[in-house]
Amino acid sequence: MNAPIPLTVIGGFLGSGKTSLLNHWLEEHPDKRTALLINDFGSLNIDASLIAQQNGDTLALTNGCVCCSLGDDLSLALIKVLDTHPPFEAVMIEASGVSDPGRIARMAQAAPELQRDAVLVLVDASAILTQWQDKLLLDTLQRQLQAADVLVLNKLDLVDEPTLTAVEALLAAQAPGVAVVPSTQGRVPISVLSACAKLTIDPNHDLPCSHSAECLHPHPVSTTQEANLHTNQFETWSAHPIDQRSFEDWRDSLEALPTGILRLKGVVATHKQGWLEVQRVGRRLQLRPTPNAPTANQAVLVAIGLRGHLPLAALESLASAD
């Protein structure tokens with residue numbers, strides 16, 4: 001049986017920048033076989049040379065990506081995508097500007113072939129305060145913000161400092177504990193936000209340490225370094241190997257981590273449950289068994305967040321012995 005396909009839902013009100021973000025995805029990851037379920041693929045800026053075939057509401061690209069128009073039936077669009085062989089590496093759904101992305105994610109999760117990765121909600125920093133005053137829009141905006149695993153605060157180049165402060169306060173009140181990623185023109189490295197471009201751990205690459213043998217020592221070796229994400233706004237933390245502890249200890253420690261982490265990913269050992277795959281996106285945590293024990297270099301825990309906002313002390317405590 002194939003591994004579940006990671007699912008990302010991109011939400012946000014009309015004009016918040018969802019299509020721009022998808023365009024950047026296509027530019028940054030030309031080799032990723034992704035199914036994009038979108039409202040209107042005519043709005044995507046796709047180079048004509050990349051289009052292999054167009055058939056009604058389906059657009060096939062030469063790199064293996066497929067764009068499907070959602071139309072009125074998400075279920076039918078998903079069936080079409082999941083019937084494709086070989087299976088896609090990722091599925092991304094663009095929610096309409098007035099829909100609830102959380103509801104869409106729950107509907108899509110009914111398919112056992114899919115595994116929810118993240119709900120990303122874009123916010124137009126230049127418009128959200130005005131929109132918030134409109135009683136007809138308020139319920140929709142609240143549902144979108146509260147569904148988010150990660151918020152992308154877009155169009156920051158269009159606002160002044162007082163406006164930005166007010167917007168940040170609004171988001172903190174409506175979506176407490178949800179990471180907020182700054183953006184202009186929808187340009188955010190999706191590898192920060194979504195497993196559609198998974199933060200990969202190279203099993204042949206040791207973390208920096210003064211002697212190579214130390215990387216196999218039972219105490220963690222960690223580093224904070226610039227992420228190669230086309231921006232200096234982000235940083236990563238990593239440690240391995242991770243000491244064994246109980247499942248309950250891992251769950252409690254991970255849930256207690258403070259905000260500042262956009263993604264946390266890795267494989268860790270527990271006393272009774274064996275090896276667990278760890279995934280945390282924003283405030284949402286997943287722990288699930290993995291059947292294959294990793295090599296020493298693969299038993300790594302990696303966190304990524306905004307520069308200067310990673311809770312390094314808490315992460316070091318998580319990786320250290322009991």
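The values are calculated or read from the model by the stated rules, or taken from the named source; none is laboratory data. Bear in mind the structure is a predicted one, so any value in this text is a computation, not a measurement. Ideal geometry is used to build each Cβ from the backbone, glycine not excepted, and the neighbour counts take in all protein chains shown.
Just checking, which of 35, 105, 77 is crowded, with 21+ Cβ neighbours inside 10 Å, at pLDDT 85 or above, assigned by TED's automatic domain parsing to the domain that holds residue 149 and in contact with a strand residue (DSSP E or B) (Cβ under 9 Å, 6 or more places away or on another chain)?
Of 35, 105, 77, the one residue that is crowded, with 21+ Cβ neighbours inside 10 Å, at pLDDT 85 or above, assigned by TED's automatic domain parsing to the domain that holds residue 149 and in contact with a strand residue (DSSP E or B) (Cβ under 9 Å, 6 or more places away or on another chain) is 105.
It is to be established whether one or more residues within region 186-206 are assigned to a helix (DSSP H, G or I) and modelled with pLDDT of 75 or more.
No, the conditions are met nowhere in region 186-206.
Please go through region 110-139 and pick out each residue that is of a type in the set (Val, Ile, Thr) and part of a loop (DSSP other than H, G, I, E, B).
Passing the criteria: none in range.
Mind listing whichever residues of region 264-289 are at pLDDT below 75 and closer than 24 Å to residue 105 by Cα?
Passing the criteria: 281, 282, 283, 284.
For region 140-169, what are the residues that are part of a helix (DSSP H, G or I) and small (Gly, Ala, Ser)?
The answer is 147, 166, 169.
How many of the residues making up region 236-263 are under 20 Å from residue 182 (Cβ atoms) and either among the basic types (Lys, Arg) or modelled with pLDDT under 75 (or both)?
Within region 236-263, residues that are under 20 Å from residue 182 (Cβ atoms) and either among the basic types (Lys, Arg) or modelled with pLDDT under 75 (or both) number 4.
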